[in-house]
Structures are given as C-alpha cells and as structure tokens.
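**Student:** One structure coming up, written as structure tokens, with questions to follow.
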Amino acid sequence: MKDLHGAKPWITSPEHPMLQAAVRALARSWTKTPALIREGGSIPVMATFEQTHNLPCILMGFGLHDDQVHAPNEKFSLTSFHGGTKSCAYLYEELGKGAGVESGATAAARGQQA
C-alpha cells in the first residue's frame, strides 16, 4: 500500500481570544448559539498556517446538513450565504477591537509565544 495523503493534526483552543471573537461574531449573525465542533482538523494547511503565523486558525462553516456538499446536486442557500457574509464582517470587527491577540511577529520580536 502506498500512502498518498497525510497531515499533522491541528486543533484550536475554544478559550483562545480569537476563537471567542468568532463565537461573538457568529452569535451576532444567527438566532442560535454557535456550536463548537471539531471539524477540519485534517486540512493539511491549517497546522502549517498556525505554525508559520504563530496564531490560531479559525474555521467557520455555514452549510446545512442537506447541502449535499461535493455531490452533483450540491446547493447552498442564500440565507446561509448572507449569514456567512455577516459572520465574516462581524469577525473582522471583533478582531479589529483587539480580541486580546497580538501578532505572532510582535510576540516573536519580544521573545515570547503568542
């Protein structure tokens, strides 16, 4: 057997200020409290981004259970599209407030880990 795929596992702490900023952004965009679930941890580039930028990665999904992702009859509702757009805008606003995070470069320059 030949291994054709592999990646380092990755996870972001739900307590991290950047993830909490995402939770606040999602809560502002939707009528229900965001559910934090472990998905996407095997996406190869996520661990690399976290390592090279010294910041956590955030994945926010906006699809529904019946979207038939990657199927011939895949769909994505306009409600999900507009809610996702609002969520991203609110996330940028929350992060712009500081979210208790300094850049990885700033922390590295100070000799600390972000």
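Every read-out reported here was derived from the displayed coordinates using simple, explicitly stated rules and does not represent laboratory data. Everything quoted here is computed from the prediction, not taken from an experiment. All Cβ positions, even for glycine, are placed from backbone atoms using ideal geometry, and neighbour counts span all protein chains on display.
**Student:** Compare the Cα positions of Trp10, Gly98, Asn54 along the charge dipole of the chain (+1 at Cβ of Lys, Arg; -1 at Cβ of Asp, Glu; about the Cα centre) and return the one farthest towards the positive end.
**Tutor:** Sorting the options by dipole projection puts first Gly98.
**Student:** Hey, got the Cα dimensions of the chain along the principal axes, in Å, largest first?
**Tutor:** Largest first, the chain extends 51, 48, 18 Å along its Cα principal axes.
**Student:** Which value, in debye to the nearest 20, gives the size of the charge dipole of the chain about its Cα centre, when Lys and Arg are +1 and Asp and Glu are -1 at the Cβ? Don't skip to the end; give the middle numbers.
**Tutor:** Details: 10 positive and 10 negative charges, 33 e Å.
Once rounded to the nearest 20, the dipole reads 160 debye.
**Student:** In addition: For Glu93, project a label point 7 Å along Cα to C-beta. Then give me every residue of the stretch 15-39 with its amide nitrogen under 16 Å of that point.
**Tutor:** So the set is 21-31.
**Student:** Okay, moving on. Under a point spin-label approximation (7 Å from Cα along Cα-to-Cβ), what is the Lys32-Leu4 distance to one decimal in nm?
**Tutor:** 3.6 nm
**Student:** Taking the mean number of other Cβ atoms within 10 Å as a proxy for protection, how do you rank 42-50, 3-11 from highest to lowest?
**Tutor:** 42-50, 3-11
**Student:** Nearest 500 deg cm²/dmol is fine: what mean residue ellipticity at 222 nm does the chain get from its DSSP H runs of n ≥ 4 alone, each adding -39,500 (n - 2.57), divided by its residue count?
**Tutor:** That calculation yields -13000 deg cm²/dmol at 222 nm.
**Student:** Excluding residues fewer than 8 places away in the same chain, name every one of the aspartates and glutamates whose C-alpha is closer than 15 Å to that of Lys8.
**Tutor:** Glu39, Glu50
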